[in-house]
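Below is one structure, written out as structure tokens; comments come after it.
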Ligand code: SAM
Ligand code: SF4
């Protein structure tokens, strides 16, 4: 079985997101309960060799050309740069999403190992609020991590900010200014119902339109022609860079979705909001060959639905929180 990874709606999948750990040193309110979650036992996690084997099957059988490492917090996994070097041999684009708290130590080794792109999550520029949101007093560490990523040579450094009404929606202009001054690209993400505390509601989602209207009033913006990425980009009219919005709720991009996901324990997910998973770890550990694994992946993608139903009566909340899926 060799060819593109196409589902029944004709969508071709090229982007693989791998959660390499369920653990995290933060406890963001919109992602994880305060007490944390029960961590997976080490034996349940895919090993670096197993992750690489599954990624290789997806690259060689289906032409996957983009891999993103996520978690939990991917940089808490021991020896993560070894994994990066193993995956780099597959020759795909490679990116990482991180909370940024250990980048002073990790940024340069990541680049040296073959990491190409980076997204750093940051939802408040105010120390007290950052503490409230992440339940960790590490704003300065993350800001320093962002500087470290820039110094190491990541370009552009992208900052992901989840916008929540009544929580941080008064910081939109501050974030825009931060991006312009530091030369990093801020991307606002609409809040999705994957928080472990179930505090999400439709009226707390701040829409792309509202975000752009608020920023444009201070720093005028114009839309950039949309490419294949989920972020709608806008450039400042004065030439000082751009911002993006990932409008996963108000302007769902399911029709163009090209992503598949692998959890830290080797469950294949055909959608962020999937209710069913496909157990690649058992297949792998029972000695199945690449062809059998490829067939199971194709079966999983064939079962993919048209799109999520957030905000509609028939929406089913996945049983996992964002930290267990990887974003
Ligand atoms: N720990 C890493 C981090 O925070 O970047 C990687 C994992 S985290 C689950 C991946 C991304 O998902 C982060 O950018 C985070 O802000 C985002 N995220 C988490 N919960 C979310 C939610 N309920 N709605 C929208 N984005 C969310
Ligand atoms: Fe951890 Fe990232 Fe979730 Fe925050 S968003 S709790 S840093 S996994």
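The values are calculated or read from the model by the stated rules, or taken from the named source; none is laboratory data. Note that the structure is predicted; figures quoted are calculated from it, not measured. Quick reminder, even Gly has a Cβ in these numbers, built from the backbone with ideal geometry, and neighbours come from all protein chains shown.
Residues in the range 80-103 that are within 14 Å of ligand 2 (Cβ to nearest atom) and assigned to a strand (DSSP E or B) were compared, and the one that is farthest from residue 280 (Cα to Cα) is 98. Per the conditions (1) outside any loop (DSSP other than H, G, I, E, B); (2) under 24 Å from residue 320 (Cα atoms); (3) in contact (Cβ under 8 Å) with a residue 12 or more places away in the chain, the sole criterion not satisfied by residue 32 is (1).
Within the range 2-20, count every residue that is in contact with a helix residue (DSSP H, G or I) (Cβ under 6 Å, 6 or more places away or on another chain), closer than 24 Å to residue 46 by Cα and assigned to a loop (DSSP other than H, G, I, E, B). Number satisfying all stated conditions: 1. Selection of the range 8-47 for residues being over 24 Å from residue 102 (Cβ atoms) and either surrounded by fewer than 12 Cβ atoms within 10 Å (Cβ to Cβ) or in contact with a strand residue (DSSP E or B) (Cβ under 7 Å, 6 or more places away or on another chain) (or both) yields 8, 10, 12, 13, 14, 15, 43.
Which fully enclosed helices (runs of 4 or more DSSP H) of the range 120-221 have 1 or more residues being more than 16 Å from ligand 1 (Cβ to nearest atom), in contact with a helix residue (DSSP H, G or I) (Cβ under 7 Å, 6 or more places away or on another chain) and touching a residue at least 40 places away in the same chain (Cβ under 8 Å)? Qualifying helices (runs of 4 or more DSSP H): 139-152, 172-182, 208-218.
The single condition among (1) over 22 Å from residue 299 (Cβ atoms); (2) at pLDDT 95 or above; (3) surrounded by 18 or more Cβ atoms within 10 Å (Cβ to Cβ) that residue 82 does not meet is (3).
Scan the range 24-38 and give yes if some residue there is within 11 Å of ligand 2 (Cβ to nearest atom), out of contact with any helix residue (DSSP H, G or I) (no Cβ under 9 Å at 6 or more places or on another chain), at pLDDT below 95 and on the phi < 0 side of the Ramachandran plot, otherwise no. Within the range 24-38 (the criterion being within 11 Å of ligand 2 (Cβ to nearest atom), out of contact with any helix residue (DSSP H, G or I) (no Cβ under 9 Å at 6 or more places or on another chain), at pLDDT below 95 and on the phi < 0 side of the Ramachandran plot), the answer is yes, since at least one residue qualifies.
Restricting the range 196-224 to residues that are surrounded by fewer than 21 Cβ atoms within 10 Å (Cβ to Cβ) and either within 16 Å of ligand 2 (Cβ to nearest atom) or within 20 Å of the chain's Cα centre (by Cα) (or both) leaves a set whose member that is farthest from residue 28 (Cα to Cα) is 207.
Here are 235, 259: which of them is within 29 Å of residue 39 (Cα to Cα) and either surrounded by 12 or more Cβ atoms within 10 Å (Cβ to Cβ) or away from ligand 2 (no atom under 16 Å from the Cβ) (or both)? First the steps, then the outcome.
On the way: 235 fails: within 29 Å of residue 39 (Cα to Cα).
It is 259.
Restricting attention to the range 100-119, the residues being touching a helix residue (DSSP H, G or I) at 6+ places or on another chain (Cβ under 7 Å), within 16 Å of ligand 1 (Cβ to nearest atom) and over 13 Å from residue 147 (Cα atoms) number 2. Since residue 266 meets every condition but one in (1) more than 16 Å from ligand 1 (Cβ to nearest atom); (2) at pLDDT below 95, which condition does it not meet? If we test residue 266 against (1) more than 16 Å from ligand 1 (Cβ to nearest atom); (2) at pLDDT below 95, just (2) comes out false.
Yes or no, residue by residue, for (1) in contact with a strand residue (DSSP E or B) (Cβ under 6 Å, 6 or more places away or on another chain); (2) assigned to a strand (DSSP E or B); (3) crowded, with 18+ Cβ neighbours inside 10 Å:
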site	(1), (2), (3)
49	no, no, no
53	no, no, no
58	yes, no, yes
69	yes, yes, yes
78	no, no, no
